[in-house]
Every structure is written in structure tokens, then in C-alpha cells.
1. Determine, yes or no, whether Asn29 is part of a loop (DSSP other than H, G, I, E, B) and within 26 Å of Met169 (Cα to Cα).
2. Being over 20 Å from Val62 (Cβ atoms) and buried (at least 19 other Cβ atoms within 10 Å of the Cβ): is that true of Asn166 here?
3. Confirm whether Tyr19 is part of a helix (DSSP H, G or I), at pLDDT 95 or above and within 24 Å of Ala211 (Cβ to Cβ).
4. Being over 15 Å from the mean Cα position of the chain (by Cα), surrounded by 21 or more Cβ atoms within 10 Å (Cβ to Cβ) and either under 16 Å from Leu210 (Cα atoms) or touching a residue at least 12 places away in the same chain (Cβ under 8 Å) (or both) narrows it down to one of Ala152, Ala156, Ala120, so name that one.
5. Could we say that Met37 is surrounded by fewer than 20 Cβ atoms within 10 Å (Cβ to Cβ), within 16 Å of the ligand (Cβ to nearest atom) and outside any helix (DSSP H, G or I) here?
6. Can you spot a residue in region 89-98 that is surrounded by 13 or more Cβ atoms within 10 Å (Cβ to Cβ), more than 22 Å from Ala131 (Cα to Cα) and touching a Gly at 6+ places or on another chain (Cβ under 6 Å)?
7. List the residue pairs whose Cβ atoms are under 7 Å apart, where the first residue sits in region 161-188 and is touching a residue at least 24 places away in the same chain (Cβ under 8 Å) and more than 30 Å from Gly79 (Cβ to Cβ), the second is assigned to a loop (DSSP other than H, G, I, E, B) and within 16 Å of the ligand (Cβ to nearest atom), and the two are 6 or more positions apart or on different chains.
8. I'd like to verify a number: residues in region 40-50 that are aliphatic (A, V, I, L, M) and in a helix (DSSP H, G or I), how many?
Amino acid sequence: QGPAAADDLNAETYLERLYPDDEALELVNASIRANNMPEISVAPGYGRLLTMLVRMIGASRVLEIGALGGYSAICLARGLSEGGQVLSLEINEAFAETARLNVQEAGFGSFIGYRIGNAAESLEALCSEGAKFDLFFIDADKVNYPNYLEYAIRLANPGALIVGDNILMRGRTVDPAVKKKSVEAMRQFNRQFASDPRLESTMLPAYDGLAIARVR
Ligand code: SAM
């Protein structure tokens, strides 16, 4: 990593230290380590942004793709107003169980539900059920990001927000020498995010990159 990446890291650490400890999220991270799960929860600054976005648009139906230990689900649920719900799609049953325990511990057990299985199948089922959502957080297998974006647009209420994490894939998306399928899929996702006439969007380069769109 070049000097720019080192500077980014310092800026992120500097900003992070301005915030008080977040006990609920620290417990999630501790349980992820204790269960030997990958430490790939959303970055703290983006977690706070998720809470703000949910609150700012008054989202009541939120769909998360990729649960892991429940970190981002807690961030999303924190922004909900009365009667709001988060539905989280997760392929790994053990991860979903850990997430369930963590969100319960954080006091959001009755606001967050889990659907176990391949997210593409759960999304197809949600389409058949006529489900609609106000905010989507795409944070699962990168190779399917373009599919998840199409499903999100199909399942969106007008004015819904679609947020996608890890759009830079630690710099691999930016490096034309990298031809991996997952990286090519992310590039396709990013191109569509920037140019699809159904969306107005922006992309933030901090941490591992975050895409935010509003469905017109
Ligand atoms: N959103 C979580 C957070 O910030 O707390 C982190 C999610 S982690 C980056 C990605 C998750 O997606 C993992 O838990 C993984 O098991 C799940 N996943 C991977 N492929 C999936 C698929 N095809 N369907 C559903 N979930 C999948």
C-alpha cells in the first residue's frame, strides 16, 4: 500500500478516536473473534452513517444482505422509528445464530429478523411475496453484487436508498491488472451504480469504499 493508503488509515484512526466506546458493537466484535468468524464487519464510520441514513429517510422496512455477527444490523436498527424492522439475509446458519444472539443482547431482538439461505433465492422469494423496502445494505458475496443491485431496485419503494459496502475491494477494483471474477463483478456494480438512470448516486472512497444511491 502506498502513502495515500497510510494517510487514509491515520485519518480514519484519528476520527475514530473522537467517538466514545460503543459497548454493544464491541461485544459483537468480541463474539466474532471468539467464534473464529472473519473480522469483516462494516467500518465504524459507515456503521454510524447507516444509522443516520435509516433515521434521515424514516425507513421502516430495511433489508440487509450479509449478516455476519450482527454489527451492521444493530447500526441499521438504531435508526428505525416506531414499528420499523430489519430483515437480514445470511447463507451461514452459524453466523446467523451468532448475529441473532448479538442483536438480542443489544436490545434489538424483536426488530431484526433473519432468513437463512442463498441471498439470491431469498431475494427471489421476497419478490414473489410482493415485499418492498425503504433501505438496502448490500454486504455479501462480491460476485453477486450486480444481481443484488437489480433485486434491490425491484424491491425498492420509490425514494429508497441502496447502500453497497467494499466497492474498492482493498484497491483491487481500481487496479486494471486484477481480473478476478469477484473484482470484475464489483466493477460492473460500480459502473451501473454510477450510470443507471433509475438511480442517483455517489460513492465514498474512505475505508473500503461505500456506494449510496437513491432509487428515483
Ligand atoms: N454486514 C455485516 C456487518 O457489517 O456486520 C458483514 C457481512 S460480511 C462482509 C458478508 C456476509 O455475507 C457473511 O456473513 C457471509 O456468510 C454472507 N454471505 C456470503 N455469501 C452469501 C450468499 N450467497 N447469500 C447470503 N449471505 C452470504
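The values are calculated or read from the model by the stated rules, or taken from the named source; none is laboratory data. Keep in mind it's a predicted model, so treat the numbers as computed, not measured. Quick reminder, even Gly has a Cβ in these numbers, built from the backbone with ideal geometry, and neighbours come from all protein chains shown.
1. no
2. No, not satisfied.
3. For Tyr19, the condition - part of a helix (DSSP H, G or I), at pLDDT 95 or above and within 24 Å of Ala211 (Cβ to Cβ) - is not met.
4. That would be Ala156, the only listed residue that is over 15 Å from the mean Cα position of the chain (by Cα), surrounded by 21 or more Cβ atoms within 10 Å (Cβ to Cβ) and either under 16 Å from Leu210 (Cα atoms) or touching a residue at least 12 places away in the same chain (Cβ under 8 Å) (or both).
5. So Met37 passes the test.
6. Yes, region 89-98 has at least one match.
7. Val183/Arg172; Val183/Thr173
8. Residues flagged as aliphatic (A, V, I, L, M) and in a helix (DSSP H, G or I) within region 40-50 amount to 2.
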